[in-house]
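Asker: There's a structure below that I have some questions on.
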Amino acid sequence: MSRGALRFLYLSISVAVIVLDRLTKIFIRSHVALNFGSVVVIPNFFSITHVENTGAAFSLFAEWPQRVRVPLLVGFSTLAMLVVCYLLWKTARNFNWTGLALAFILGGAVGNLYDRIRYGRVTDFLHFYMGPHMWPDFNVADSAIVTGATLLAIDLIFGAHPAQDAKSSRQQ
């Protein structure tokens with residue numbers, strides 16, 4: 001696959017994440033009341049809710065003044081997005097887990113950045129729990145970012161590394 005085609009593939013994956021994130025958030029905003037109950041999907045495990053997160057992951061910085069919090073989070077997201085774009089552009093040589101991971105992270109970052117710029121907060125709606133134990137609500141963009149980060153970690157730990165491969169082939 002050519003570099004151009006590979007870049008287009010990674011961009012398409014990012015755009016698919018963005019579109020899925022936007023569509024789900026639009027649906028939740030128009031069909032589920034904000035901060036009011038939930039729609040049980042799997043009893044005692046998973047519900048659809050509608051909450052607005054003014055902070056970052058796990059509501060970090062949510063209590064900070066909006067005039068500080070929003071520019072900080074928009075700036076950080078923009079910087080992360082630019083770094084990921086650069087990495088995708090420069091490293092697109094063949095399809096691999098790292099490229100896929102970066103495409104997911106880019107799509108998730110853009111999805112949440114859109115919410116932060118437009119609304120000053122992010123719509124979350126996926127709610128997992130077991131009895132009294134709950135995971136903080138999240139969305140499709142968050143899922144893509146976590147999936148991408150997990151793929152990166154797996155690739156870093158278990159993936160083939162050119163420097164190690166070259167060294168081991170010289171020793172044989």
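Readers should treat all values here as calculations from the given coordinates under stated rules, not as data from a laboratory. Values in this document were obtained by computation on a predicted structure and should not be read as measured data. For neighbour counting, all protein chains shown are included, and Cβ atoms are generated from backbone atoms with ideal geometry for every residue, glycine included.
Asker: Net charge within 13 Å of residue 128 by Cβ-Cβ distance, Lys/Arg positive one each and Asp/Glu negative one each, not counting residue 128 itself?
Answerer: Result for the local shell: -3.
Asker: What is the helix-to-structure angle for 140-158, meaning the angle in degrees between its Cα long axis and the longest Cα principal axis of the chain, kept from 0 to 90 and rounded to the nearest 10?
Answerer: Approximately 30 degrees, to the nearest 10.
Asker: With angles folded into 0 to 90 degrees, how steeply does helix 162-171 sit against the dominant principal axis of the chain? Use alpha carbons for both and round to 10.
Answerer: With rounding to tens, the tilt is 30 degrees.
Asker: Another one. If only Cα atoms are counted, what is the Rg of the chain, and what is its Dmax, in Å?
Answerer: For the chain, the Cα-based Rg and Dmax read 18.7, 65 Å.
Asker: Sticking with this structure for a sec: Have a look at 127, 31, 50 and tell me which one the Gaussian network model of the chain (Cα, springs below 10 Å) gives the largest fluctuation.
Answerer: Looking only at 127, 31, 50, the biggest GNM fluctuation is shown by 31.
Asker: Right, next: Note down the relative contact order for the chain as a percent, whole number, built from C-alpha pairs under 8 angstrom at least six residues apart. Don't jump to the answer; show the numbers that get you there.
Answerer: Details: 231 pairs, mean separation 50.5, N = 172.
Worked out over the chain, it gives 29 percent.
Asker: Between the helical axis of 97-119 and the dominant principal axis of the chain, each derived from Cα atoms, what acute angle in degrees is found, rounded to the nearest 10?
Answerer: Approximately 30 degrees, to the nearest 10.
Asker: Then there is this: Divide, for region 70-112, the radius of gyration over alpha carbons by 2.2 N^0.38 Å, where N is the residue count. Show your work: numbers first, answer last.
Answerer: Details: Rg = 11.1 Å, N = 43, 2.2 N^0.38 = 9.2 Å.
Normalised Rg, Cα atoms only: 1.21.
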